[in-house]
1. Can you tell me how much longer the chain between residue 57 and residue 9 gets when fully stretched, taken as 0.36 nm per residue apart minus their C-alpha distance, in nm with one decimal?
2. Given H placed 1.01 Å from N in the peptide plane, which residues other than close sequence neighbours of residue 30 have an amide H under 5 Å from its amide H?
3. Please give the length that would be gained between residue 66 and residue 38 if that part of the chain were fully extended, namely 0.36 nm times their separation in residues minus their C-alpha to C-alpha distance (nm, one decimal).
4. What FRET efficiency comes out for residue 17 versus residue 73 if R0 is 30 angstrom and r is the Cβ-Cβ distance? Round to the nearest 0.05.
5. Give, in nm to one decimal, the length gained when the segment between residue 48 and residue 2 is fully stretched (0.36 nm per residue of separation minus the Cα-Cα distance).
6. With a cut-off of at most 15 other beta carbons within 10 Å, and DSSP calling the residue loop, which chymotrypsin sites (Phe, Trp or Tyr not before Pro) in region 1-79 qualify? Please list them.
7. Which trypsin sites (Lys or Arg not before Pro) in region 1-80 sit in a loop by DSSP (not H, G, I, E or B) and have at most 12 other Cβ atoms within 10 Å of their own Cβ?
8. Could you derive backbone 3J(HN,Hα) for region 43-56 from the dihedral phi with the Karplus parameters 6.51, -1.76 and 1.60 (θ = phi - 60°), listing whole Hz in sequence and x where the residue is Gly or Pro?
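All of the numbers you see were taken from the coordinates with simple rules; none came from a lab. The structure presented is a predicted model; accordingly, all values stated were derived computationally and were not measured. Don't worry about glycine lacking a Cβ; one is built from the backbone with ideal geometry, like all the others, and counts go over all protein chains shown.
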Amino acid sequence: MDKPVIAFTAVSLKAPHGYIGFVEELPGVTSEGRTLDETRDNLQRMAAVVFDEERAQSAALLEGKDVTRESFLVPVPQLAGHAPACALALPAIEIAVRRRQSMRKPDALIAGG
């Protein structure tokens, strides 16, 4: 049986030493890489780790309990009447950069912050 596949949005920002990326729909899933491909691969791995960890925590919490598990669908909202997605992503990139900088030493990967 094939594993389910979910599509997410990876946003990558060019930085002096490569790229910093985050997944728009998964708070806290950030990564970096020397190349765009490396950053994408790292984001994929990080998202998989988040899902694995959440499932492990759920399994421990629910062990021995009578539970029902169901799949469900979530429609993706469309931003009608707004600027193109690339323009809307800029504030999110700035937030991710600030978040990333606050997690790094003063000689942050991104200059000017």
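1. 14.8 nm is the gain from fully extending residue 57 to residue 9.
2. none
3. Full extension from residue 66 to residue 38 adds 5.9 nm.
4. Using R0 = 30 Å, I get an efficiency of 0.15.
5. 15.0 nm
6. 8, 72
7. Hits after loop and neighbour filter: 34, 65, 69.
8. 5, 4, 5, 5, 4, 4, 4, 4, 5, 4, 5, 4, 5, 5
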